[in-house]
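A quick write-up on the structure given underneath.
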Amino acid sequence: MFIIDQGLALGQRVTVFRPGATPDAPVTKLGEGVAVLTEAASATIHLRRAREPVKAGDSVAIQRP
């Protein structure tokens with residue numbers, strides 16, 4: 001979920017990942033992107049690189065400086 005209220009800003013970098021199949025399983029890093037459009041309840045991310053296709057249910061983590 002990309003929400004300005006959660007601190008995502010235009011131009012900010014994010015890491016895209018897929019949660020593990022179980023709570024104990026590690027996450028899989030899929031790639032990185034940049035926020036190109038931010039709104040109150042959504043955002044558009046430009047993927048800069050990805051190891052595999054991003055699917056519904058994948059998540060992002062905001063990269064902090």
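The values are calculated or read from the model by the stated rules, or taken from the named source; none is laboratory data. The model shown is predicted, which means the values in this text are computed figures rather than measured ones. Here the Cβ positions follow ideal geometry from the backbone for every residue, glycine too, while neighbour counts run over all protein chains shown. Calculation scope for accessible area: heavy atoms of the full protein, side chains included, ligands and nucleic acids excluded. Shrake-Rupley method; radii C 1.70, N 1.55, O 1.52, S 1.80 Å.
What tally of residues in the stretch 33-62 results from selecting those that are part of a loop (DSSP other than H, G, I, E, B) and either of a type in the set (A, V, I, L, M) or over 11 Å from residue 16 (Cβ atoms) (or both)?
Keep residues of the stretch 33-62 that are part of a loop (DSSP other than H, G, I, E, B), which gives 39-42, 51-58.
Now drop any that are not either of a type in the set (A, V, I, L, M) or over 11 Å from residue 16 (Cβ atoms) (or both), which leaves 39-42, 54, 56-57.
Of the residues in that region, 7 qualify.
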- Item | Subset of the stretch 14-65 (residues that are touching a Pro at 6+ places or on another chain (Cβ under 9 Å) and surrounded by 13 or more Cβ atoms within 10 Å (Cβ to Cβ)) | 27, 28, 30, 58, 59
- Message: When you check residue 11 against the structure, is it open to solvent by less than 50 Å² (accessible area, probe 1.4 Å), out of contact with any Ser or Thr (no Cβ under 6 Å at 6 or more places or on another chain) and in contact (Cβ under 8 Å) with a residue 12 or more places away in the chain, yes or no?
- Response: yes
- Count of the stretch 9-32 residues which are under 11 Å from the mean Cα position of the chain (by Cα) and outside any loop (DSSP other than H, G, I, E, B): 10
